[in-house]
Amino acid sequence: MLRGSLESLMNMDTAGAREVLAADDEVDLDYRNFIGILKKELATDSTNAESMIAWLLAAKSIERVADLATNIAEDTIYTVEGKIVRHNRV
């Protein structure tokens, strides 16, 4: 996603930028699913809590990179088309 957003920006490619936006929805879903898995695991066996917290922090960082890539893609669309897509995505 990061590479795609940067390439879209450099090439002023709104189609590529929109692909990044779509991928963010998938990353968000994967992140929520992963959090659910960690919660279940912690509820059943807390002996690995420290390791699970490390996984949680890593997953959140990856999700945040995806969000930042999305911001770049949204800015690319605005720059090329003059459309603000940041707050009205479906």
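Miscellaneous remarks
- The numbered conditions (1) under 20 Å from E19 (Cα atoms); (2) part of a helix (DSSP H, G or I) are all true for R86 except (2).
- V85 among the β-branched types (V, I, T) and in contact (Cβ under 8 Å) with a residue 40 or more places away in the chain: yes
- Condition check for A54: at pLDDT below 95, assigned to a helix (DSSP H, G or I) and not basic (K, R): no
- Residue ID - surrounded by the fewest Cβ atoms within 10 Å (Cβ to Cβ), chosen from residues in segment 1-32 that are within 24 Å of A58 (Cα to Cα) and touching a residue at least 60 places away in the same chain (Cβ under 8 Å): L2
- Any hit, segment 33-40, residues being β-branched (V, I, T), assigned to a helix (DSSP H, G or I) and free of Cβ contacts under 8 Å to residues at least 12 places away in the same chain: yes
- Of the numbered criteria (1) in a helix (DSSP H, G or I); (2) surrounded by 13 or more Cβ atoms within 10 Å (Cβ to Cβ); (3) among the aliphatic types (A, V, I, L, M), the one A43 fails is (2).
- The conditions of being touching a Leu at 6+ places or on another chain (Cβ under 9 Å) and over 22 Å from L6 (Cα atoms) are met by L56.
The values are calculated or read from the model by the stated rules, or taken from the named source; none is laboratory data. Quick caveat: nothing in here was measured; it's all calculated off a predicted structure. Here Cβ is always computed from backbone atoms with ideal geometry, including for glycine, and neighbour counts include all displayed protein chains.
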